[in-house]
Ligand code: PMP
């Protein structure tokens with residue numbers, strides 16, 4: 001079978017070497033005679049797996065010792081509710097930045113629990129850019145500031161980390177990093193809490209990662225369901241209930257793979273190269289392809305693009321599939337195409353895609 005390249009936005013492509021290790025270890029993990037799926041989450045073997053996964057993640061992101069790593073479930077969607085329940089009290093104001101689809105869903109959920117103030121919105125530019133931070137209208141007393149560092153559908157990525165301090169107060173900075181975590185180094189110490197669904201740059205769906213500063217634990221509202229209280233999971237070291245064991249195992253292998261690549265600084269260089277190649281192909285197509293996002297805010301992970309005539313979309317997708325280029329259809333809410341080029345997408349995949357795009361434009365132009 002000739003190689004295929006999978007541009008899915010998530011669940012997304014995993015490193016091939018990781019999948020091969022999973023295959024090799026599937027029925028007998030390290031001579032235990034058991035598959036990881038069959039192991040007690042409190043047994044010696046799984047304890048080693050989860051401890052190594054956390055240690056490797058800490059190494060990759062250089063996570064300070066006053067931050068806890070939680071391996072959770074429920075996707076980023078659960079975080080949308082957990083944040084206001086744990087980090088604000090009834091009647092508090094919470095600040096949100098609206099940069100598109102996932103910001104809006106986080107905002108809608110937070111409104112059930114707190115007074116949401118929109119500190120900035122990209123709506124006026126149809127979410128093709130991020131408003132300059134100098135113009136943000138932040139609340140004087142927000143319990144936290146929330147933003148989404150990479151809008152997976154719109155393809156808009158923050159080129160900066162917002163200030164946490166405001167008006168002389170240290171306001172916890174909360175970030176939905178679902179679709180660009182581990183794609184570049186990031187200074188964790190600037191954040192109160194970072195969360196991410198695993199199914200893009202971490203591992204299989206079903207696992208959600210939370211990195212939280214210790215002083216933010218233990219303040220959940222009294223009515224918070226036990227499972228939605230961060231401190232319950234922190235106290236139990238992610239084993240309050242049965243965690244997604246297989247997902248944690250695969251994520252651990254992905255972390256080891258990233259360390260073997262040279263860590264996040266090395267991975268970032270490849271991601272810059274891949275994104276540059278793809279945007280170059282779009283911009284050099286004389287309007288055959290267009291990307292709606294303004295240049296400084298173009299995502300390195302999710303590249304949305306339109307064909308000049310949407311009547312060609314089906315032919316593009318059909319020919320791409322025949323060429324081994326899979327899952328390029330844009331999100332149903334925006335149409336067009338989207339190529340997600342997460343860490344596990346090799347440079348070669350983007351090279352094959354851009355050659356295909358040039359040839360398609362030549363024959364259909
Ligand atoms: N936030 C972002 C940035 C996402 O890309 C997604 C999923 N595509 C979500 C939140 C929701 O994640 P989940 O489906 O895991 O709840």
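Coordinate-derived values only; no laboratory data. Everything numeric here is computed off the predicted structure, so don't read it as measured data. Note that we place each Cβ from the backbone using ideal geometry, even for glycine, and neighbour counts take in every protein chain shown.
One residue alone among 183, 223 is within 16 Å of the ligand (Cβ to nearest atom) and closer than 26 Å to residue 145 by Cα, and that residue is 183.
Of all residues in the range 78-95, exactly one satisfies the criterion of being within 25 Å of residue 298 (Cα to Cα) and away from the ligand (no atom under 13 Å from the Cβ), namely 95.
When 97, 116 are screened for being surrounded by 16 or more Cβ atoms within 10 Å (Cβ to Cβ) and more than 20 Å from residue 196 (Cβ to Cβ), only 116 passes.
When the residues of the range 132-157 are filtered to those that are away from the ligand (no atom under 16 Å from the Cβ) and not in a loop (DSSP other than H, G, I, E, B), the one that is nearest to residue 295 (Cα to Cα) is 133. Taken over the range 177-197, residues that are farther than 20 Å from residue 268 by Cβ and within 12 Å of the chain's Cα centre (by Cα) amount to 2. For the range 231-282, residues that are assigned to a helix (DSSP H, G or I) and free of Cβ contacts under 8 Å to residues at least 12 places away in the same chain total 6. Any residue in the range 304-314 that is within 20 Å of residue 102 (Cβ to Cβ) and within 26 Å of the chain's Cα centre (by Cα)? The answer is yes; a qualifying residue exists.
For the range 163-177, the set of residues classified as more than 16 Å from the ligand (Cβ to nearest atom), in contact (Cβ under 8 Å) with a residue 60 or more places away in the chain and either in contact with a helix residue (DSSP H, G or I) (Cβ under 7 Å, 6 or more places away or on another chain) or in a strand (DSSP E or B) (or both) consists of 172 only.
Here residue 362 passes the criteria (1) without any contact (Cβ under 8 Å) to a residue 24 or more places away in the chain; (2) surrounded by fewer than 14 Cβ atoms within 10 Å (Cβ to Cβ); (3) touching a helix residue (DSSP H, G or I) at 6+ places or on another chain (Cβ under 9 Å) except the one numbered (3).
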